[in-house]
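Shown next, in structure tokens, is the structure this report addresses.
A short reminder: the numbers here are calculations on the coordinates, not readings from a lab. Predicted model, so just to flag it, every value in this text is computed and none were measured. Cβ atoms come from the backbone with ideal geometry, glycine included; neighbour counts cover every protein chain shown.
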Amino acid sequence: MILIRGGTVVNHDHSWRADVLVDGGKTVAFGPALDAPAGTEVIDAGGCYVMPGGIDPHTHLELAFMGSVSADDFEWGTKGALAGGTTMVVDFCIPDPGQSMLAAYQDWRRKSEKAACDYGFHMAVTSWSKQVFDEMEIVVKTYGINTFKHFMAYKGALMVNDDELYNSFARCAHLGALPLVHAENGDVVARMQESLLESGMTGPEGHAHSRPPLVEGEATNRAIMIADMTGSPVYIVHTSCREAHEAIARARANGQRVFGEPLIQHLLLDADEYQNKSWDHAARRVMSPPFRDKRHQESLWAGLQSGSLQVVATDHCAFTTEQKRLGLEDFRKIPNGTGGLEDRMPLLWTAGVNSGRLTKEEFVAVTSANIARILNIYPRKGRLAIGSDADIVVWDPSANKTIHAKNQISRIDYNVFEGFACVGAPVVTLSGGRIAFAKGELRAEQGDGKYVERPPFSPIHVANSTWKQATAPKAVSRAGITP
Ligand code: URP
Ligand code: ZN
Ligand code: ZN
Ligand code: ZN
């Protein structure tokens, strides 16, 4: 047993002073002054907040992508996560177009055996066929995956077209699953990339110029409207700009079930990074969508404050400088992706809570509780409650941590947040009731994590489909004349 003594328990809706007792991987008791049964390990949480461990619903660990394989695998990605207070990741299982989802799932199960914290998968729909239609049911009912990812970008590789989106969203609605969308207009991006290269712009700034906010705003609107026409809710990943946020906020104001996920990178880093005279500096920051001007950052923060955006993720997809140099002569060949798993929580606390933009309860909402509900694993995850998984972070709001690549767990040789000074960091992370990280020391081992199955038909899905059925077009019954 483990007793966390003297802290303030923080859930998304309420905080109170309580000790927390953990046994057998679950949280079993709360109280103002709990006894420690013999043999109990006691963690002093005086002056600390005791919060649900973070959930990062957007990672790409050991992903074969753009001619490379992302450098952080399930072992190092999840170890970094635990050191930063995140206790569950959801990675994208991405079949090659035409590859069976069942085969891709087996690949991901094999790669993820090394995970040090709990994990789940989203399944990507990268083409459309009778086989995909059939396999989606197996993915939901047998593998416990209730989310399907769609790329509107990466033309010629992972991109799907509007008819494929429509088919897949409708299938999701039927299966009780939630479609996720990478919303950028891939056709327009491909055209703009060609024009920029023809004009002589070959460096990483070309990546950003070929993917302006309008490319994302247009695709976000399109995805949301197609989802509505199929009767499905929809979740937009890595929402990076005002135009995309406005599309989400507008749809929500109209009663649509739409969710938006800004990344910690887009909240804190801006487009000036691509103007850096160092090619390596700029290329290390190449990701899709690219970093934006400050006015977009303000919009994303406002979305988190007002509730029109619900989740802060990382899209952790880390490539070394050497891997980035695959695109030295052509920005289209720079592997897209950045890291962030170890840093998301301390950075968001520093820039969000310490600045007064977010309350500590809102911090819990956007780092764990909201996504646990969206993924239908709440309150097992995302809440400190009796019977919930003991995935717990003891958070010291006065701890100082300056981010340096030389100290990080990630296997890459730089950090896009190099030099950021964080105030607020985990002192202890519990994962499945065990101490995974304590006072700067990582104790979790590869293989400690468990695969988490997620049932379909979340309450959001049930409400949405009930409403959609009630308001669906109905045939008019006409008496008297028979055709
Ligand atoms: O640039 C990014 N975001 N790389 C990872 C793949 C994706 O689009 O999420
Ligand atoms: Zn993406
Ligand atoms: Zn991604
Ligand atoms: Zn440094």
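Please say if the chain is rounded, prolate or oblate, where rounded means a/c under 1.5 for a ≥ b ≥ c the square roots of the C-alpha gyration tensor eigenvalues, and otherwise the choice is prolate for a/b larger than b/c and oblate otherwise? Walk me through the intermediate numbers first.
Working: a/c = 1.67, a/b = 1.18, b/c = 1.41.
Oblate, because a/c is 1.5 or more while a/b does not exceed b/c.
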> Which one of HIS266, ALA253, MET225 is farthest out on the positive end of the charge dipole of segment 127-278, using unit charges on Cβ (Lys, Arg +1; Asp, Glu -1) and the Cα centre as origin?
Replying inline: ALA253
> Can you work out the FRET efficiency for the pair ALA438 and LEU214, with r the C-beta to C-beta distance and R0 = 56 Å, to the nearest 0.05?
Replying inline: 0.75
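At 222 nm, what value in deg cm²/dmol follows for the chain if DSSP H runs of at least 4 each add -39500 (n - 2.57) and the sum is divided by all its residues, to the nearest 500? Write down the numbers at each step before the final one.
Working: 16 runs with 150 residues, N = 483.
One gets -9000 deg cm²/dmol as the mean residue ellipticity at 222 nm.
Taking the Cα centre of segment 1-106 as the origin, how large is its charge dipole in debye, to the nearest 20, when only Lys and Arg (+1) and Asp and Glu (-1) carry charge on their Cβ atoms?
With only Lys, Arg, Asp and Glu charged at Cβ, the dipole is about 280 debye.
Which FRET efficiency, nearest 0.05, do VAL423 and GLN131 yield, Cβ-Cβ r, R0 51 Å?
On the way: r = 52 Å, r/R0 = 1.01.
For VAL423 and GLN131, the calculated efficiency is 0.50.
Enumerate by residue number the chymotrypsin sites (Phe, Trp or Tyr not before Pro) in segment 1-68 meeting two conditions: DSSP loop (anything except H, G, I, E, B), and at most 10 other Cβ atoms within 10 Å of the site's Cβ. Walk me through the numbers before you get to the answer.
Working: sites: TRP16, PHE30, TYR49, PHE65; in loops: none.
Sparse-neighbourhood loop chymotrypsin sites (Phe, Trp or Tyr not before Pro): none present.
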> Taking trypsin sites (Lys or Arg not before Pro) as exposed when DSSP calls them loop (any state but H, G, I, E, B) and at most 13 other Cβ atoms lie within 10 Å, what is the longest stretch of the chain free of them, the sites themselves excluded?
Replying inline: 1-276
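DSSP loop GluC sites (Glu not before Pro) in segment 286-361 with at most 16 other Cβ atoms within 10 Å of their Cβ, which ones?
Working: sites: GLU298, GLU322, GLU329, GLU342, GLU361; in loops: GLU329, GLU342.
Passing sites in segment 286-361 are GLU329.
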